[in-house]
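Notes to accompany the following structure.
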Amino acid sequence: MKERQPKLATETVWAGEEKYRVHGASQVPVVHSVAYTYDDLDYWYEVAVGQAEGHIYGRNTNPTVSSFEDKVKELEGAEAATSFSTGMAAISNTLLTFLRPGDRVVSIKDTYGGTNKIFSEFLPRLNIDITLCETGDHEHMIEEIEKGCSIVYLETPTNPTVKITDIERIADVAKNHNALVIVDNTFATPILQNPLQLGADLVLHSATKFLGGHADALGGVLVGSKALVEEVYHYREINGATLDPMAAYLLIRGMKTLHLRVYKQTENATKLAEYLKKHPMVENVFYPGLKDHPNHDIAKQQMRGFGGMFSFSLVGGMDAVKVMLPKLKYANRAANLGAVETTVGPARTTSHVESTPEERKALGIPDGLIRYSAGIEDFEDLKEDLEMALKALTVKQ
Ligand SMILES: *Cc1c(COP(=O)(O)O)cnc(C)c1O
């Protein structure tokens with residue numbers, strides 16, 4: 001594993017805030033104002049055209065939102081950041097900023113369900129060619145990139161089967177063919193993985209998940225070089241998928257504990273995945289931290305920890321899932337992930353609700369696959385909870 005950067009724990013608490021804490025406030029204030037007043041019309045003009053620092057109108061920029069962007073920028077070690085109303089807005093706005101009719105995208109089959117829909121439904125309408133490779137088949141992906149493409153889009157670990165792609169290896173090839181490399185870093189968070197340092201050009205997050213961590217605010221964020229991020233910012237400011245200041249505030253507050261949460265969630269996920277792997281009613285466990293995970297070594301190389309997400313399937317498939325999941329006491333059966341509370345759900349109603357049963361099958365997602373987002377609860381409590389729920393299953397069958 002790469003050496004852990006002790007700075008991150010401090011940065012989650014302090015980064016990106018100082019400049020915004022007006023009136024000596026110890027916390028970043030929520031600025032709800034839609035517009036900003038200027039008596040000096042020349043100065044107003046300078047701010048409006050970007051020659052002076054300041055804010056004009058809420059669709060473009062807002063101080064609370066800027067503070068959130070600065071915090072993520074620091075954590076990812078990036079030059080610039082911009083934000084969005086949701087993670088999907090970050091993904092769609094970024095893709096639509098750079099793609100033109102006739103362009104080609106190379107990606108993986110296992111992207112988040114919404115992203116997969118953009119690839120299968122919306123981009124082909126614009127005459128954009130999409131090639132989706134088997135996730136983890138690096139040789140095939142490299143072959144496709146070498147045929148020429150403008151964007152290589154990665155997500156690692158993936159949702160919900162936690163497959164791993166070697167970012168450095170793919171980015172090297174993409175660079176030689178002048179393709180932009182975009183990585184969805186939602187599952188790893190900047191605490192465990194920094195794709196920019198591995199050669200990616202742009203990194204995005206659904207801030208709704210781990211960054212916020214409390215399942216009470218939607219948001220998306222993109223980081224990268226100033227030149228690239230400014231292009232996407234321009235697209236977003238005109239098209240309007242702006243992050244709300246109150247959501248930005250909740251995300252900033254949530255991020256103060258990001259480092260603590262992610263390591264606790266990783267610890268819980270690691271122990272629970274190991275426990276479930278030995279359980280007779282459990283058919284399969286997918287977690288990059290398990291030694292038999294097909295790309296365990298790559299994960300170990302490019303991540304500082306394996307993350308709080310895993311998935312598993314039960315002997316007895318979906319019928320068993322319907323018996324077992326409702327029994328859990330310490331789990332929200334819900335569509336989100338990355339929250340302080342443990343959150344569970346079948347892939348067919350969570351990450352891949354947008355996909356048809358045939359599409360899920362083609363993606364290798366069994367109908368009975370359970371996505372488990374480990375919370376920050378006590379490990380023994382979570383283990384006993386699973387044990388109790390699985391016991392109900394054994395009695396029933
Ligand atoms: C949830 C999620 C998204 C979409 O984010 P929203 O904030 O729900 O729009 C994108 N990528 C991954 C990996 C996700 O888990």
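The table for this structure:
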read-out: Loop sites in segment 295-361: chymotrypsin sites (Phe, Trp or Tyr not before Pro), DSSP, at most 12 other Cβ within 10 Å; value: none
read-out: Relative packing of peptides 8-20, 172-184, 66-78 - highest average C-beta neighbours within 10 Å first; value: 66-78, 172-184, 8-20
read-out: Inter-probe distance in nm under a simple model that places probes 7 Å from Cα toward Cβ, at Lys271 and Met246; value: 3.8 nm
read-out: Unit charges at the beta carbon, dipole of the chain: most positive-side option, Gly58, His140, Met318; value: Met318
read-out: Solvent-accessible area, 1.4 Å probe, carbon plus sulfur percent, for the chain; value: 52 percent
read-out: Label-point separation, Thr10 to Lys175 (7 Å along Cα→Cβ), nm; value: 2.9 nm
read-out: Tensor-based shape of segment 148-281 (alpha-carbon gyration tensor, a/c under 1.5 rounded, otherwise prolate or oblate); value: oblate
read-out: Quotient of Cα Rg and 2.2 N^0.38 Å for the chain, N being how many residues it contains; value: 1.00
read-out: Ranked order, Val353, Val223 - accessible area, probe 1.4 Å, largest first; value: Val353, Val223
read-out: Segment 181-217-segment 282-323 distance, computed between alpha-carbon centres (Å); value: 20 Å
read-out: Segment 258-396: C-alpha gyration tensor shape, a/c 1.5 cut-off, then a/b vs b/c; value: rounded
read-out: Burial ranking of peptide ranges 371-381, 86-96 (average Cβ count within 10 Å, highest at the top); value: 86-96, 371-381
read-out: Rounded, prolate or oblate (a/c below 1.5 giving rounded, otherwise prolate when a/b exceeds b/c) for segment 73-194 by Cα gyration tensor; value: rounded
read-out: Estimated 222 nm signal from helices in the chain, with DSSP H stretches of n ≥ 4 weighted -39500 (n - 2.57), rounded to 500; value: -11500 deg cm²/dmol
read-out: Per residue accessible area of the chain, 1.4 Å probe, in Å²; value: 42 Å²
read-out: Area accessible to solvent at Asp40, 1.4 Å probe radius, in Å²; value: 90 Å²
read-out: Exceeding the 22 Å Cα-Cα cut-off - candidates Lys327/Lys383; Lys73/Lys300; Lys226/Lys256; Lys109/Lys361; Lys256/Lys277; Lys109/Lys329; value: Lys73/Lys300; Lys226/Lys256; Lys256/Lys277; Lys109/Lys329
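The values are calculated or read from the model by the stated rules, or taken from the named source; none is laboratory data. As the structure is a prediction and not an experimental result, all values here were calculated from the model. No Cβ is skipped: glycine too gets one built from the backbone with ideal geometry, and neighbour counts run over all protein chains shown. The accessibility values were calculated without ligands, DNA or RNA, using every heavy atom of the protein model including side chains. Shrake-Rupley method; radii C 1.70, N 1.55, O 1.52, S 1.80 Å.
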